[in-house]
Every structure is written in C-alpha cells, then in structure tokens.
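Chemist: I have a structure I would like to understand better, so I am pasting it below and will then ask my questions one at a time.
The values are calculated or read from the model by the stated rules, or taken from the named source; none is laboratory data. Just so it is clear, the model here is predicted, and its values are computed rather than measured. Positions of Cβ are generated from backbone atoms using ideal geometry, with glycine treated the same way; all protein chains shown enter the neighbour counts. Quick note on the areas: whole protein, heavy atoms, side chains included, nothing else; ligands and nucleic acids left out. Shrake-Rupley method; radii C 1.70, N 1.55, O 1.52, S 1.80 Å.
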Amino acid sequence: MLDLNRRNPDLRAFVCALEDWIIAALSAFNVRGERRADRIGVWVARPEKPRGKNGEIAEDKIAAIGIRVRRWVSFHGIALNVAPDLTHFSGIVPCGISASHFGVTSLRDLGLAVSMSEVDVALAREFELLFGRIRAHGK
C-alpha cells in the first residue's frame, strides 16, 4: 500500500512507476523488459517466435499489474512470472492477450534458473530505489 497523496496522485504515472520497478528488477537478470503505451504490464521481445500478421515482432508478457486505489491509497499487485507452468495459460486469455504474436513468458522460459528469493531481493532493492524505504506501520 502506498499513499499516492504523499507522492503523486496520478494513476497513469503510478502504473508507469510500477512497470519501471519491474523493468529495473529484471535488468538484474539481464532481461530487457519493456513498457508498451497501448498495453499494461512488462513485455519481452521474442524475435525468435513467429511474427504477427502485419510483421510485428512477437512479444511475451512477463509481468502483469493490477491496482486498486481508494482515497489515493493504492492496493497494488504485480505478478512477475518466475517459473510457472505456462501451459496453464493456454486455457484462458490472460490479460486480454489474444493476438497471435503476443504470449506469456517467465524467467524460466527465457532460460534463467532464478529462485523466488533472488527475485525478491532484486524487487526489494529496486523498490527502495524507486519508491523509498518502506517503514512498518507506526514506526
């Protein structure tokens, strides 16, 4: 939870900051995550995969963002795919991804054997750099 009144009460800027946070954490593993103006989340270019019908380079979503804001206090959530079974995404349309050249990926799918604790460390480090140190309630 973050108090956006104390920071910047701008939801679009907040979502971009969450994307920046994930992108920075991914860079610790030499993964180039990218933001797209027309799509929420963090994307990885996959030039080795089949292109879209108009020649667009394939891209896979590696992180999703879902937030709720009440009185400018965020209740946010991110999902960074570390090592899920990606076949589970075949039975749904995840995050509205329906174009043939868009998919879902994970760090494991990209060939990285990264543990959740390693990802936690990278996320915590980048969170503090971007959003500042988080204090426990009442401290």
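Chemist: Taking segment 80-101 as the region of interest, how many residues are under 15 Å from the mean Cα position of the chain (by Cα) and farther than 30 Å from L4 by Cα?
Modeler: Residues meeting the conditions: 2.
Chemist: Please specify each residue of segment 73-103 satisfying the condition of being among the β-branched types (V, I, T) and within 22 Å of D20 (Cα to Cα).
Modeler: V73, I78, V82, I97 - these are the residues of segment 73-103 that are among the β-branched types (V, I, T) and within 22 Å of D20 (Cα to Cα).
Chemist: Can you go through N8, N54 and tell me which one is without any contact (Cβ under 8 Å) to a residue 12 or more places away in the chain, loosely packed, with under 15 Cβ neighbours inside 10 Å and touching a Phe, Trp or Tyr at 6+ places or on another chain (Cβ under 8 Å)?
Modeler: Of N8, N54, the one residue that is without any contact (Cβ under 8 Å) to a residue 12 or more places away in the chain, loosely packed, with under 15 Cβ neighbours inside 10 Å and touching a Phe, Trp or Tyr at 6+ places or on another chain (Cβ under 8 Å) is N8.
Chemist: Mind checking whether some residue in segment 16-36 is exposed (fewer than 12 other Cβ atoms within 10 Å of the Cβ) and either in contact (Cβ under 8 Å) with a residue 40 or more places away in the chain or hydroxyl-bearing (S, T, Y) (or both)?
Modeler: no
Chemist: Right, next: Out of F29, F75, F14, which single residue is hydrophobic (A, V, I, L, M, F, W, C) and part of a strand (DSSP E or B)?
Modeler: F75
Chemist: Name the pairs: first residue in segment 97-117 and over 13 Å from R46 (Cα atoms) and exposed (fewer than 12 other Cβ atoms within 10 Å of the Cβ), second residue modelled with pLDDT of 95 or more and of a type outside the set (V, I, T), Cβ to Cβ under 9 Å, at least 6 apart or on different chains?
Modeler: Close Cβ pairs satisfying both conditions: A113/L107.
Chemist: Considering segment 78-96 alone, what residues qualify as being part of a loop (DSSP other than H, G, I, E, B), modelled with pLDDT of 85 or more, closer than 17 Å to G41 by Cβ and out of contact with any Ser or Thr (no Cβ under 7 Å at 6 or more places or on another chain)?
Modeler: none
Chemist: Could you please tell me which pairs satisfy a Cβ distance under 8 Å, a separation of 6+ or placement on different chains, a first residue in segment 119-131 that is within 23 Å of S106 (Cβ to Cβ) and open to solvent by less than 90 Å² (accessible area, probe 1.4 Å), and a second residue that is of a type in the set (V, I, T) and at pLDDT 95 or above?
Modeler: Every condition considered, the pairs that remain are V119/V82; L123/I22.
Chemist: With respect to G77, determine if the residue is exposed (fewer than 14 other Cβ atoms within 10 Å of the Cβ), under 30 Å from D10 (Cα atoms) and within 12 Å of the chain's Cα centre (by Cα).
Modeler: Answer is yes for this residue.
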